[in-house]
Amino acid sequence: MNCKELWSFKYHAPILGVEISDINGNDQKEILAYTKTGTVLILSLEGKLLSENKIVENSSIWCARITDLNNDGENAIILGGLDGILRVFKSSDSYSLNPLWGHQFGASIGGLLSSDISNDGNQEIIAYSLDRSIRVLSQNDGNLVWGQVFEDGIGDAMIWEENKDRENMEVVACGNDGTLRIFNGKSGELIWHKRFPNKMRCVARLNSAEGLIISCGGDDRILHFIDKNTRQEVKCMEFEDYVWKSLAFPNDQYDKILASTYSFAYFDESIQMDTIKFSSKIVCIDNNLEVPWEIEGKNVECLNASEKNGTSLALVGTTPGEILMVDSNTGKILLKNKKNSCINMVQVLPDLKIIVSCDDDGQIYACIIED
């Protein structure tokens, strides 16, 4: 398998993430990129810059989501960043971003979700922050539906659905205070929580052979597996480094988890990136809570998953600038593409076989997968 580069685009600031969707309702997908300096770029799938929108002056935008919040056939653009303001926009035909509303958090916003957890036919926005709060906001005006406060900043969260039963949707979140918490999706009531000895950074679900599992991990260097029904920890896996990210896949089954650990060795600026021997790794956990494969020596910045010709693929971006495509059944690296700086996000368009990535060097790359 090969990857042929289609185009690259250079900006003067690090690109922290990209999202791909029909931004302005013209039945064509575009690329939205957000930067460390508070600018949003919109590009065509051919790499042409369509617009440059200054959102906030010299303040990072950490996360973005593009979704139809009220089923009107038009996507909204949701942005969260370092200044703690959650902003919602609609795009004009010419790709300028028109603000709808904003909601102020007390510190940097770490993540965004959206779902109809109130079961009223419209999506709510779920956002979590280093200000210790997780909040559910009305899509109409950003008013608070419910909120909960941790003892420290919140690291990760997910929406839990069982059998698409929206009457019983839940929000599962973990935080820097070492807790894992489950909230009622409609009311925000705390259903259950568990405290671990150190910061929790990631959470995912697994449909295991023995039942529904919540996995979480963080600075205790352990990936924990908790039975969703009994709330008992059924297994744990120990690592040399912090457990950093986890991703359940494929989307319709969630019977595997990709997890990665993280080494902070590269923060020493005197060390050449290509000379570092990372102890961090990527592991795959199957529905028997076993590890069919792992890849050592990779410090992962981003994880994604996709399908191609019936094969489940893991897409990985690393700190030294590698983009990896891995057969998630075998762990075989099918594709390795080396760039010059840290890869912050990798997205894929399965129908077009196109991979889009971005990095700390201000580059956005698009390549096509060739068998």
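The values are calculated or read from the model by the stated rules, or taken from the named source; none is laboratory data. The model shown is predicted, which means the values in this text are computed figures rather than measured ones. Reconstructed Cβ throughout: ideal geometry from the backbone, glycine too, with neighbour counts over all protein chains shown.
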(request) Output the residue which, of all residues in region 12-35 that are in a loop (DSSP other than H, G, I, E, B) and surrounded by 20 or more Cβ atoms within 10 Å (Cβ to Cβ), is modelled with the highest pLDDT. (result) Ile23
(request) Please state which of the following conditions Glu290 fails to meet, knowing it meets all the rest: (1) over 24 Å from Lys256 (Cα atoms); (2) over 19 Å from the mean Cα position of the chain (by Cα). (result) (1)
(message) For region 225-244, which positions are part of a strand (DSSP E or B) and touching a residue at least 40 places away in the same chain (Cβ under 8 Å)?
(response) Phe225, Ile226, Val234, Lys235, Met237, Tyr242, Val243, Trp244
(request) Filter region 336-353 down to residues that are over 21 Å from Ala248 (Cα atoms) and in contact with a Leu (Cβ under 7 Å, 6 or more places away or on another chain), then give me how many there are. (result) 1
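Looking at Gly185, Gly178, Gly217, which one is of a type in the set (Gly, Ala, Ser) and at pLDDT below 95? If you could, list the steps in order and put the result at the bottom.
Numbers: Gly178 fails: at pLDDT below 95; Gly217 fails: at pLDDT below 95.
Among Gly185, Gly178, Gly217, only Gly185 is of a type in the set (Gly, Ala, Ser) and at pLDDT below 95.
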(message) Being more than 19 Å from the chain's Cα centre (by Cα), closer than 19 Å to Asn251 by Cα and of a type in the set (Ser, Thr, Tyr) is true for just one of Ser208, Ser215. Which residue is that?
(response) Ser208
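Residues are listed down the side, and each one gets a yes or a no for (1) modelled with pLDDT of 95 or more; (2) more than 29 Å from Asp371 (Cβ to Cβ); (3) touching a Lys or Arg at 6+ places or on another chain (Cβ under 7 Å); (4) surrounded by fewer than 20 Cβ atoms within 10 Å (Cβ to Cβ):
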{"position": "Tyr254", "(1), (2), (3), (4)": "no, no, yes, yes"}
{"position": "Glu269", "(1), (2), (3), (4)": "no, yes, no, yes"}
{"position": "Met273", "(1), (2), (3), (4)": "no, yes, no, yes"}
{"position": "Ile276", "(1), (2), (3), (4)": "no, yes, no, yes"}
{"position": "Ile282", "(1), (2), (3), (4)": "yes, no, yes, no"}
{"position": "Leu289", "(1), (2), (3), (4)": "yes, yes, yes, yes"}
{"position": "Ile295", "(1), (2), (3), (4)": "yes, no, yes, yes"}
{"position": "Glu307", "(1), (2), (3), (4)": "no, no, no, yes"}
{"position": "Thr311", "(1), (2), (3), (4)": "no, no, no, yes"}
(request) Within region 104-129, track down each residue that is part of a loop (DSSP other than H, G, I, E, B), crowded, with 19+ Cβ neighbours inside 10 Å and modelled with pLDDT of 95 or more. (result) Phe105
(request) Confirm whether Val283 is touching a Phe, Trp or Tyr at 6+ places or on another chain (Cβ under 8 Å) and assigned to a strand (DSSP E or B). (result) yes
